[in-house]
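The values are calculated or read from the model by the stated rules, or taken from the named source; none is laboratory data. What you see is a predicted model, and the numbers here were worked out from it, not measured in a lab. Virtual Cβ from ideal backbone geometry, glycine too; neighbours counted across all protein chains shown.
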Amino acid sequence: MSPIAVCCSSRSKAVVLSLIAAALPLTLAAQSTPESANHPKSVAPAKPQQPAARGQAAGTLGQTLSQAEQETLGRAAGKVLDQIQDQEFDLYTRLTYFEKPERLNPASFASVDEVKQWKSMLEQMKQKSQQVVDLYTNVSKNLDQELRNAQINEQLAAKFKAVILEGFPWETIQKKDQLMQEYIGEHGKLLAFYETNWGTWKPGANPAKPVFSSPQESTAFQKLREQIISTGQQLDAAYKSMSQ
């Protein structure tokens, strides 16, 4: 996956707080901390285009806020949004290891035990993916909790939370999560194929394309390989869409 797929514009919270009045809804990219801004590939949806009515409502809300209220709201929301961004970055980092070309070449594995190690790593990635899904599922509840902790007026907190939630590209996020599940499932089948058919291939003229001992094994491997590449490309597009 190309780094551009997850390359987001990085802004510090100080800048975000000054933009609350004019640029709501807040986004994961806009809420990135100075530390996450230094990541080479931070993962987060960027600010979507606002419908005119929503943009006007956001501007009206912002005009009623004092500087102190803006800062308090920004800090409260940032605790929730930064956690999502950090976990998305962790998940994407794990994904990049599985997307390396050698993962699609059984000859790159030194032993069947190494295949088992990668199966364990894939299970960890699956668990991380579920953690990310849970964070998105619970974002409304978590925002409620942080805004209560910050002692924000309930009416203001409700309006502020609504604008933030409307800023998430939910359809793209759900598609990305679905594709991630498919990718993990397909790669699990590939690793199981390596384990079951260990030793039935040998290096071909092209080192990246091993030769199998039977046409059936060759066909099965090629089908899995193409599925993984296709799903990975769709994941790439989803992450890229989230980062724009």
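Structural remarks
Table: residues versus (1) among the aliphatic types (A, V, I, L, M); (2) touching a Gly at 6+ places or on another chain (Cβ under 9 Å); (3) outside any helix (DSSP H, G or I).
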site	(1), (2), (3)
Lys119	no, yes, no
Leu122	yes, yes, no
Lys126	no, yes, no
Gln130	no, no, no
Val133	yes, no, no
Ser140	no, no, no
Gln145	no, no, no
Gln155	no, no, no
Phe160	no, no, no
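- Residues in the stretch 62-97 that are within 30 Å of Glu123 (Cα to Cα) and more than 13 Å from the chain's Cα centre (by Cα) were compared, and the one that is surrounded by the most Cβ atoms within 10 Å (Cβ to Cβ) is Val80.
- Any hit, the stretch 142-159, residues being under 30 Å from Glu186 (Cα atoms), out of contact with any strand residue (DSSP E or B) (no Cβ under 6 Å at 6 or more places or on another chain) and modelled with pLDDT under 95: no
- Within the stretch 163-175, being part of a helix (DSSP H, G or I), buried (at least 16 other Cβ atoms within 10 Å of the Cβ) and out of contact with any Ser or Thr (no Cβ under 6 Å at 6 or more places or on another chain) holds for Val163, Ile164, Glu166, Ile173, Lys175.
- The set of residues in the stretch 99-112 that are surrounded by fewer than 20 Cβ atoms within 10 Å (Cβ to Cβ) and either without any contact (Cβ under 8 Å) to a residue 24 or more places away in the chain or of a type outside the set (S, T, N, Q) (or both) comprises Glu99, Lys100, Pro101, Glu102, Arg103, Ala107, Ser108, Phe109, Ala110, Ser111, Val112.
- The condition (being under 23 Å from Met125 (Cβ atoms), touching a Leu at 6+ places or on another chain (Cβ under 6 Å), of a type outside the set (Phe, Trp, Tyr) and without any contact (Cβ under 8 Å) to a residue 40 or more places away in the chain) is satisfied by just one residue among Leu190, Leu224: Leu224.
- The single residue among Leu179, Leu224, Leu191 that is more than 25 Å from Ala110 (Cβ to Cβ), among the hydrophobic types (A, V, I, L, M, F, W, C) and not in a loop (DSSP other than H, G, I, E, B) turns out to be Leu179.
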